[in-house]
Amino acid sequence: MNEVILITGAGRGIGQALAFAFGKRKYKVGINFRFSSGAAEETAAQIQDMGGEFLLLPGDVSKSKDVQKIIQTVEEKWGRVDILVNNAGIARNALVSKMTEEEWDDVMAVNLKGAFLCSQAVIPLMRNQKDGLIWNMGSFISHRPGAGAANYAVAKAGLAALTKAIALEEGRFHIRANTILPGFHVTDLNKDIWPKIEQEIRNQHLVGTLPNLDDLGEFIFHLSQFKNLTGQEFAFEGRLL
């Protein structure tokens, strides 16, 4: 029986890299996406070329009805979820003094509430399996907030607390939860501001090189194999936290 991984926001960037890392190991990959259907289909096609199996799972993780449909579809198809990666995220940058309520709420809804809803939905399955792993995609910014990203930093800090709460509550069911700080990667989320911040980001890295998405996928895959790791925060980083 091949294990099942569900990755939110898996059409592009970090989510796509994880889909490839697990897909090439013959994991069954649930590919959630909200808007980027074309990118999700490209991810699925590459997993198929690897000989892997996939499900395309459209839905907004900030909506409980969408989340329930996603989990139900996976359960009906494969009967289980072994790993959940709460990766879906958005940015709505503005200074605190100028940030709108909508900009705050949008980021909290997707980046924090979405992880809560997805985790809550898979826990019953994982309890029945007496095994499971939840990865929450954190951020360096939760430790060192940057100007204009208070909503993002707070949401990611909240994810770290959610991770510990799940690890504490669900450990007796052999369900593990960990946070990953993936390092800075140029993705669709930040590509527009990259030219403005590139030198600053590069200067922060002690060895002068940025992390690689393929290596990140390998890092998370290998950490996922250890059944005794839970409640932890792992940094795939070259910057001092």
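Nothing in this text is a laboratory measurement; each read-out follows from the coordinates by a stated rule. In this text the structure is predicted, and so the values were computed from the model without any measurement. No Cβ is skipped: glycine too gets one built from the backbone with ideal geometry, and neighbour counts run over all protein chains shown.
For K196, no lysines have a Cα falling under 19 Å of its own Cα, not counting residues fewer than eight places away in the same chain.
Couplings for the stretch 22-35, taken from phi via the Karplus curve 6.51 cos²θ - 1.76 cosθ + 1.60 with θ = phi - 60°, read 8, x, 6, 8, 6, 5, 7, 10, x, 9, 8, 8, 10, 10 Hz in order; Gly and Pro are left as x.
Counting only C-alpha contacts under 8 Å and six or more residues apart, can you give the relative contact order of the stretch 4-235 as a whole percent?
Numbers: 429 pairs, mean separation 45.3, N = 232.
Computed over the stretch 4-235, the figure is 20 percent.
Projecting the Cα atoms of G11, I70, L162 onto the charge dipole of the chain (Cβ charges, centred on the Cα centre) puts L162 farthest toward the positive pole. For the stretch 4-235, the convex hull drawn through the C-alpha positions has a volume of 120 cubic angstrom per residue. Full extension of the segment from E76 to L229, taken as 0.36 nm per residue of separation minus the current Cα-Cα distance, would add 52.2 nm. Checking the cross-link pairs K24/K65; K77/K156; K28/K69; K69/K130; K28/K227; K69/K227 against a 21 Å limit on the alpha carbon distance flags K24/K65; K77/K156; K69/K130; K69/K227 as lying beyond it. Around the Cα centre of the chain, unit charges on the Cβ atoms of Lys, Arg, Asp and Glu (plus for the first two, minus for the last two) sum to a dipole of about 480 debye. Note on the stretch 162-210: with charges restricted to the Cβ of Lys and Arg (+1) and Asp and Glu (-1), its dipole about the Cα centre is near 160 debye. Among 123-136, 104-117, 40-53, sorting by the average number of other beta carbon atoms lying within 10 angstrom of each residue, highest first, gives 104-117, 123-136, 40-53.
How many percent of DSSP beta bridges within the chain run antiparallel, rounded to 5?
On the way: 0 of 27 bridges.
Here the share of antiparallel DSSP bridges comes out near 0 percent.
Taking amide H positions as modeled 1.01 Å from N, with prolines and chain starts lacking one, the residues under 5 Å from L84 and 5 or more places away or on another chain are L6, L133, I134, W135.
How would you order 68-81, 12-25 from highest to lowest mean count of nearby Cβ atoms within 10 Å?
Numbers: 68-81: 17.0, 12-25: 23.4.
Top to bottom by mean Cβ count within 10 Å: 12-25, 68-81.
Which FRET efficiency, nearest 0.05, do I197 and S97 yield, Cβ-Cβ r, R0 25 Å?
On the way: r = 21 Å, r/R0 = 0.82.
With R0 = 25 Å, the Cβ-Cβ based efficiency is 0.75.
Taking amide H positions as modeled 1.01 Å from N, with prolines and chain starts lacking one, the residues under 5 Å from F54 and 5 or more places away or on another chain are V29.
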